[in-house]
């Protein structure tokens with residue numbers, strides 16, 4: 001589903017990603033962890049071409065990405081419908097209802113009929129446990145509810161892959177559990193997902209593999225039991241030691 005080859009990205013003289021190479025199979029859930037500033041979020045944004053990169057190639061959901069692609073090209077249009085993104089801040093449109101936030105992209109981007117989009121939105125709201133809040137506005141929802149709406153909005157495009165950039169970092173523990181419950185259900189259902197997270201419970205209990213990213217490279221990659229319980233790299237050992245000490 002995802003193939004990354006020798007991906008490089010710099011900000012000026014600072015190398016953010018350095019020859020990153022990795023593969024993700026359909027249905028895998030990858031937890032991306034590591035020290036702050038290591039390149040985790042940048043990698044995610046390159047996978048969705050929200051940031052360009054300097055060298056290398058990405059193949060994701062049958063779309064091939066290379067440096068300096070035209071923003072209005074067909075490949076990027078296909079990418080936007082096949083790869084969903086859920087951010088740390090949920091970024092809902094405040095003047096639209098929950099249902100309108102979910103149906104906007106399918107109607108505008110894919111030309112889905114309003115009645116069909118509305119029915120799909122109701123189905124997705126039921127999936128994330130918010131079927132009674134279709135007519136509410138974002139300010140009437142808790143943070144956890146807004147993030148679940150953001151997930152439903154991403155699912156409305158019927159993507160092959162969903163990328164999550166620290167989806168629970170702005171939430172309190174109870175709201176974190178709400179959102180992680182939805183992500184767990186998606187993983188069980190076979191959705192291919194990459195999740196930048198600091199939640200060790202997610203990495204241990206939901207992810208099929210864990211990537212430890214530091215200094216722009218994948219320092220360690222493997223199943224949670226191996227990477228978390230028996231890390232081989234110094235950066236992974238130190239990272240998990242600190243997380244477990246909290």
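Percent of alpha carbon pairs in the stretch 94-145 separated by more than 12 Å? Don't jump to the answer; show the numbers that get you there.
Numbers: 810 of 1326 pairs.
Within the stretch 94-145, distances greater than 12 Å cover 61 percent of Cα pairs.
Structural descriptor for the stretch 142-238: relative contact order 21 percent, calculated from alpha carbon pairs under 8 angstrom and at least 6 residues apart. Packing here is the average count of other Cβ atoms within 10 Å per residue, and on that basis the peptides 221-234, 86-99, highest first, run 86-99, 221-234. Taking the Cα atoms only, what angle lies between the long axis of helix 173-188 and the longest principal axis of the chain, rounded to 10 degrees? Tilt of helix 173-188: around 90 degrees. At full extension, residue 11 and residue 131 could sit 38.9 nm farther apart than now, given 0.36 nm per residue minus the alpha carbon distance. Which of rounded, prolate or oblate describes the stretch 122-169 when judged by the alpha-carbon gyration tensor and an a/c cut-off of 1.5? Oblate, because a/c is 1.5 or more while a/b does not exceed b/c. Expressed to the nearest 5 percent, the antiparallel share of DSSP beta bridges inside the chain is 55 percent.
Spacing of the modelled spin labels on residue 226 and residue 89, each 7 Å from Cα toward Cβ, amounts to 3.9 nm.
Cα gyration tensor of the stretch 124-207, axes a ≥ b ≥ c as square roots of the eigenvalues: rounded (a/c below 1.5), prolate (a/b > b/c) or oblate? Don't skip to the answer; put the middle values down first.
Details: a/c = 1.89, a/b = 1.25, b/c = 1.51.
In terms of gyration-tensor shape, oblate.
Set against the 2.2 N^0.38 Å expectation for a compact globular protein, the stretch 1-76 has a Cα radius of gyration ratio of 1.08. Above 17 Å lies some portion of the pair distances; for the stretch 45-93, what is it as a whole percent of all C-alpha pairs? Above the 17 Å cut-off, the stretch 45-93 has 33 percent of its Cα pairs. Values of log10 I(q)/I(0) for the stretch 175-246 across q = 0.18, 0.24 Å⁻¹ run -0.72, -1.14, by the Debye formula with one identical scatterer at each alpha carbon and no solvent.
Arranged from fewest to most other beta-carbon atoms within 10 Å of their beta carbon, 200, 85 become 200, 85.
At q = 0.13 Å⁻¹, what log₁₀ I(q)/I(0) does the chain have when each alpha carbon counts as one equal point scatterer in the Debye sum? Results for the chain at q = 0.13 Å⁻¹ read -0.81.
Rg and Dmax of the stretch 1-133, both derived from C-alpha coordinates alone, stand at 17.2, 51 Å.
Restricting to Cα pairs below 8 Å that are 6+ residues apart, what does the relative contact order work out to for the chain? Please round to a whole percent. Walk me through the numbers before you get to the answer.
Working: 461 pairs, mean separation 64.8, N = 246.
Relative contact order of the chain: 26 percent.
Remark: spin-label model distance residue 64-residue 139 equals 4.9 nm, labels positioned 7 Å along the Cα→Cβ axis.
Quick note: the coordinates plus some simple rules give every number you see, no bench work behind them. This is a predicted model, so every value here is computed, not measured. Don't worry about glycine lacking a Cβ; one is built from the backbone with ideal geometry, like all the others, and counts go over all protein chains shown.
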